[in-house]
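The values are calculated or read from the model by the stated rules, or taken from the named source; none is laboratory data. Just so it is clear, the structure is predicted and the values come from calculations on it, not from any experiment. For neighbour counting, all protein chains shown are included, and Cβ atoms are generated from backbone atoms with ideal geometry for every residue, glycine included.
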């Protein structure tokens, strides 16, 4: 269940969702999330962002997150596309899509996938502003968001 892709090139959201839905007449809900590059960081205008990953490990991590979501909710299929390389403000970074029979499963799975992508997938982001370059560190808020899915909570 699920497809995970890492790519340099942009993606067409409508075409990707149509491809994923093809042949799935049982689907009653499609939930999606599109992440984009913000125009500022820490109060400074962002000129560019470079995303790097660990080939092989990143794809395996995304596939594991998709499998975990399918084990928690009744999903028909799922998709994660994550871009790497040099991106500019407004560019699309990530697409997460969850297909299910009912909206509750699709919404929850989409949010779960995105929360875990932010905390478990091996990506590194470097931002460039007029003040220079800096690597982006993990945010506590991302860990809190992913932690709410823990069975202990």
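Selection over region 105-127 of residues that are buried (at least 19 other Cβ atoms within 10 Å of the Cβ) and assigned to a helix (DSSP H, G or I) gives a count of 10. In the set (1) at pLDDT 95 or above; (2) farther than 29 Å from residue 130 by Cα, residue 24 fails one condition alone, (1). Restricting the first member to region 37-48 and to residues that are in contact (Cβ under 8 Å) with a residue 24 or more places away in the chain, and the second to residues that are in a loop (DSSP other than H, G, I, E, B), the beta-carbon pairs closer than 6 Å and six or more apart or on different chains are 37/89; 37/91; 39/89; 44/131; 46/39; 46/89; 48/88. When the strands (runs of 3 or more DSSP E) confined to region 1-98 are screened for residues that are more than 19 Å from residue 118 (Cα to Cα), those reaching at least 1 such residues are found at 29-36, 44-53, 75-83.
The single condition among (1) closer than 24 Å to residue 73 by Cβ; (2) exposed (fewer than 11 other Cβ atoms within 10 Å of the Cβ); (3) touching a residue at least 40 places away in the same chain (Cβ under 8 Å) that residue 25 does not satisfy is (3).
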